[in-house]
1. With unit charges on the beta carbon (Lys/Arg positive, Asp/Glu negative), name the residue among Q84, G134, V49 whose Cα is farthest towards the positive pole of the charge dipole of the stretch 36-163.
2. Taking H placed 1.01 Å from N in the peptide plane, check which residues at least 5 places from F412 or on another chain put their amide H under 5 Å from its amide H.
3. Net charge near D444: determine it from the other residues with C-beta under 12 Å of the C-beta of D444, scoring Lys and Arg +1 and Asp and Glu -1.
4. Per residue of the stretch 328-340, in order, report the coupling 6.51 cos²θ - 1.76 cosθ + 1.60 (Karplus, θ = phi - 60°) as ³J(HN,Hα) in whole Hz, putting x for Gly and Pro.
5. Checking the a/c ratio against 1.5 first, then a/b against b/c, what shape does the Cα gyration tensor give for the stretch 45-122?
6. Straight distance only, please: which lysines reach the Cα of K194 with their own Cα at less than 27 Å, same-chain residues fewer than 8 apart left out?
7. Which of the three applies to the stretch 149-209, rounded, prolate or oblate, going by the alpha-carbon gyration tensor with a ≥ b ≥ c and a/c under 1.5 meaning rounded?
8. Kindly put S166, S130 in sequence by how many other C-beta atoms sit within 10 Å of each C-beta, fewest to most.
Amino acid sequence: MTHLEIRTARTRLHALVLALTVALVGLSTGGCDDAATSSATPASEVEVVPIPRIADASAITGLHHNAQQGTLAEGVMGRRNALQWTSAMVAVNGHETFNRAIAVTGADFLASQATQDKEASSYALDWGVSVAAGKAFGVRLRSQVSHPGSPQTRVTTATTYTVSDSDIVVPSSAIIDATHRSDLVAAMTRALRKANLLEDNATLNPDKAFNDLVLRVDGGALAVLTSTDQPLLDRDLVGLALPPALVTPALSREGTTLMRALAAQPDAPAQASAQETAPADTAGTAGETFAGFGSADPAPFVEAPRPRTSEPADCSHVRCVALTYDDGPGDHTARLLDILKQYNVPATFFVIGRHAAAHPELVSREVGEGHAVGIHTWSHPDLTKTSDSDIASQITRTSDLLASTISTRPPFTRPPYGAINSRVTHALGSLGQGIIMWDVDTEDWRNKNAQTVYDRALAGVHPGAIILMHDVHRWGPDATGRLIATLKSRGYVFVTIPQLFGDIQPGRQYFSQHEIH
Ligand code: NI
């Protein structure tokens with residue numbers, strides 16, 4: 001990351017924090033005058049309070065901002081509307097476990113949005129700091145969904161915590177011990193009724209009542225509720241102050257750990273201090289003692305530059321993944337190319353020669369749109385059962401065709417079925433071919449299910465992985481948009497096979513970036 005990029009990221013961060021602050025304050029001032037007036041509230045009562053401004057993320061060292069955006073087209077994954085999505089995520093120096101948890105939470109938000117709400121037109125995910133004090137640090141993720149023709153946006157928020165000198169990750173929902181939740185929910189319900197903020201006869205959804213719990217240095221907590229998750233009247237967001245007398249006995253083990261971290265002295269000397277931007281009387285958290293996370297270079301995880309064919313990612317420093325599609329061109333190739341173009345993601349196509357001969361325009365389009373093309377033989381035989389001279393003709397015939405179609409002779413082949421032995425390896429090597437295998441098999445042709453393709457790809461993916469799918473069946477292309485969105489939000493960069501390996505050597509076998517024989 002250059003200095004200029006850091007500056008740009010900082011500026012974006014500032015703008016984002018400002019926008020979040022304005023939004024939260026704007027939402028919380030709507031009816032808060034009536035809320036904080038009771039002066040005689042007993043120490044064990046829940047109170048409706050204004051939601052404080054979030055801590056100033058730009059004052060905390062060691063945070064990195066990673067923004068992505070894209071479009072899911074109408075028809076993709078059964079969508080009735082195109083979905084414009086933006087995702088802004090934070091990563092913290094040296095806290096890989098926390099970073100992964102935040103990224104997975106964000107990816108799951110987006111994936112469930114895309115599959116469950118097929119009519120939404122836009123989706124925005126952003127973040128802010130909800131707690132930064134002592135050694136405790138909490139990130140709030142906020143998603144906003146809009147529908148065409150509706151002025152209302154649906155807002156959901158959740159806070160996730162870590163402790164600056166440990167590897168723990170605690171979602172807000174785990175702070176309150178399960179045996180105490182119903183008592184707290186009852187107290188919260190009473191406070192909302194008293195303030196006329198709950199629909200008649202409605203009850204709070206206990207499963208979502210503690211998703212955004214902001215711990216306070218005095219031992220209390222602020223619960224942020226949204227009208228998306230709860231039957232609130234008149235308000236999109238409501239803050240409920242839970243006093244220490246209610247919170248302390250209800251804390252889970254993780255909650256107790258966090259509360260202690262909140263009161264702990266940060267490791268001195270602090271490189272910079274986080275400052276609460278809100279007035280002290282409304283602030284839920286003290287931020288002035290938080291030491292930050294150090295200013296080391298950001299982990300590769302957060303660096304997700306957009307790949308360009310002319311400027312491939314350096315896979316020794318970023319998390320690369322190669323999507324590969326076999327057996328085409330076929331019925332689903334054009335649609336797949338549309339999806340890849342939407343996400344600006346390159347892939348590698350292992351074409352069967354006779355299919356390429358039938359659809360030269362699709363092979364031309366693959367190359368023209370920045371993808372790589374490899375050889376998958378002329379007619380897809382098992383090469384271990386094919387004579388040396390027939391292997392030569394399978395490769396040469398396909399290579400000749402591609403030379404005349406796309407002016408390229410690919411120096412690499414994927415053997416059909418992945419079937420190789422030492423004779424086949426030698427024969428392909430003597431034809432100048434590197435052997436490209438895979439290490440994540442989606443088994444799309446066998447399971448015939450896009451969800452399974454998506455699940456298997458995510459279960460197997462790792463930096464440097466090669467993922468196998470097919471563009472002659474629908475299930476791989478069906479899963480591709482959602483898979484790309486999730487992988488991008490986890491920091492992956494997409495590369496072609498030549499970009500992943502650089503020079504491909506004849507006769508060598510490539511299973512992944514780190515497994516080459
Ligand atoms: Ni095949």
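Readers should treat all values here as calculations from the given coordinates under stated rules, not as data from a laboratory. None of the values given here were measured: they were computed from a predicted structure. All Cβ positions, glycine included, derive from the backbone under ideal geometry; neighbour counts span all protein chains shown.
1. Most positive-ward Cα: Q84.
2. Under 5 Å from the amide H of F412: I375, G434.
3. -3
4. Rounded to whole hertz, the list is x, x, x, 4, 10, 5, 5, 5, 4, 4, 4, 5, 4.
5. Taking the square roots of the gyration eigenvalues as a ≥ b ≥ c, the stretch 45-122 is oblate.
6. K208
7. Since a/c reaches 1.5 but b/c is at least a/b, the shape of the stretch 149-209 is classed as oblate.
8. On the way: S166 13, S130 30.
The order, fewest Cβ neighbours first, is S166, S130.
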